[in-house]
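The values are calculated or read from the model by the stated rules, or taken from the named source; none is laboratory data. Fair warning: this is a prediction, and the values are worked out from it, not measured in the lab. Cβ placement follows ideal geometry from the backbone for every residue including glycine, while neighbour counts extend to all protein chains displayed.
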Amino acid sequence: MATASASAALTSHGQLLRLAPPGVRANTNSSSNWFGYNQGTLEQGSKLFNSITGDWTVPTATQHTAGQAESSSDWIGIGGGCVDSGCTTTDSTLIQTGTEQDVSSTGAASYSAWYELVPAPSLTISMTVAPGDHMHASLTEVVPDSNTWTITLQDVTRGETYTTTVPYSSSHATAEWIEETPLLIGTNAGFASLPNLTNPGWTSATTNGASAGLKSTEQMDLIDSNGNVIGAPSAPNSTANGFDECTWATTCS
């Protein structure tokens, strides 16, 4: 059984969605730190989210810019995203779990697992994580509206599972499947630079025990400070429960 401990890393994994200023956005669903899929309670007809699942393949991280340290995370979460389809309202709570894929300034890659209850610091899960590993994650409220959650992260490839139950006051207002540039902490504060990443190939996305029914209108692109798209999800797969993600690309097929 894997264990968790306070993270000593200089990144904060699951930051709330950061929308780019209106004059910089490539479109209404653009962010300076997230890309993937985001569902909101208003966009979903007042649906509240009590559980979420998702599977992905840990991407291989390689250096995009020589001499530069770069970081990324893949995670599922409830809260923190766009409440409505136009992303005019965002949420201030976020519970999530996932993996991190980093590259040092010398080009050495490292991989880890974690969970976070915003605004508390993230906790690193003591689990072996490597590129190509099949991950399964779930967040489930023990009893609807109880604000007690079971967090499970499983490395299916290696047969390792971490589970914990925690109290957390959630808005239940959004659900998401995200690849992110984490927040750097300390003297170099700001969002991390994006490494090159292979496709995580998201599958098995559910909310409240049913297929997520992903729609292209729920896509979120990652953009740089000039409004250029540098990370993009694909259209949903044929069963509307998964998608691909491409880094350093304007589109993903």
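Within region 187-230, being in a strand (DSSP E or B), of a type in the set (A, V, I, L, M) and under 26 Å from Gly132 (Cβ atoms) holds for Leu197, Ala205, Met220, Leu222, Ile230.
Only one of the listed residues (Ser72, Ser104, Ser92) is out of contact with any Pro (no Cβ under 7 Å at 6 or more places or on another chain), among the polar types (S, T, N, Q) and farther than 28 Å from Gln44 by Cα. That residue is Ser104. Selection within region 69-103: residues that are over 27 Å from Thr53 (Cβ atoms) and either modelled with pLDDT under 95 or of a type in the set (D, E, K, R) (or both). The member of this set that is surrounded by the most Cβ atoms within 10 Å (Cβ to Cβ) is Glu70.
Does region 200-213 hold any residues that are in contact (Cβ under 8 Å) with a residue 40 or more places away in the chain and either among the small types (Gly, Ala, Ser) or closer than 16 Å to Trp75 by Cβ (or both), and which are they?
If we filter region 200-213 for residues that are in contact (Cβ under 8 Å) with a residue 40 or more places away in the chain, which is where we start, we get 200-209, 212.
Pro200, Gly201, Trp202, Thr203, Ser204, Ala205, Thr206, Thr207, Gly209, Ala212, listed by residue number.
One line per residue, one yes/no per condition, for (1) without any contact (Cβ under 8 Å) to a residue 40 or more places away in the chain; (2) surrounded by 23 or more Cβ atoms within 10 Å (Cβ to Cβ); (3) within 14 Å of the chain's Cα centre (by Cα):
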{"site": "Tyr115", "(1), (2), (3)": "no, yes, yes"}
{"site": "Ala130", "(1), (2), (3)": "no, no, no"}
{"site": "Ala137", "(1), (2), (3)": "no, yes, yes"}
{"site": "Thr140", "(1), (2), (3)": "no, no, no"}
{"site": "Ser146", "(1), (2), (3)": "yes, no, no"}
{"site": "Thr157", "(1), (2), (3)": "yes, no, no"}
{"site": "Tyr168", "(1), (2), (3)": "no, no, no"}
{"site": "Asn196", "(1), (2), (3)": "no, no, no"}
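Against the list (1) in contact with a Phe, Trp or Tyr (Cβ under 7 Å, 6 or more places away or on another chain); (2) buried (at least 22 other Cβ atoms within 10 Å of the Cβ), the condition Leu183 fails is (2). Of all residues in region 199-223, those satisfying the criterion of being closer than 20 Å to Asn33 by Cα and buried (at least 17 other Cβ atoms within 10 Å of the Cβ) are Asn199, Pro200, Trp202, Glu218, Gln219, Met220, Asp221, Leu222, Ile223. For the residues Gly77, Gly107, the requirement of being more than 16 Å from Val58 (Cβ to Cβ) and part of a strand (DSSP E or B) singles out Gly77.
I'd like the residue in region 107-123 that is polar (S, T, N, Q) and modelled with pLDDT of 95 or more and, out of all such residues, is nearest to Ser92 (Cα to Cα). Don't jump to the end; show me each part of the working.
Here is the first cut: in region 107-123, the residues polar (S, T, N, Q) are 110, 112, 122.
Keeping just the survivors that are modelled with pLDDT of 95 or more gives 110, 112.
Numbers: Ser110: 30, Ser112: 25 Å.
Looking at the filtered set, the residue picked out is Ser112.
Looking only at region 48-65, which residues are within 15 Å of Trp248 (Cα to Cα) and either surrounded by fewer than 19 Cβ atoms within 10 Å (Cβ to Cβ) or of a type outside the set (S, T, N, Q) (or both)? Matches in region 48-65: Pro59, Thr60, Ala61, Thr62, His64, Thr65.
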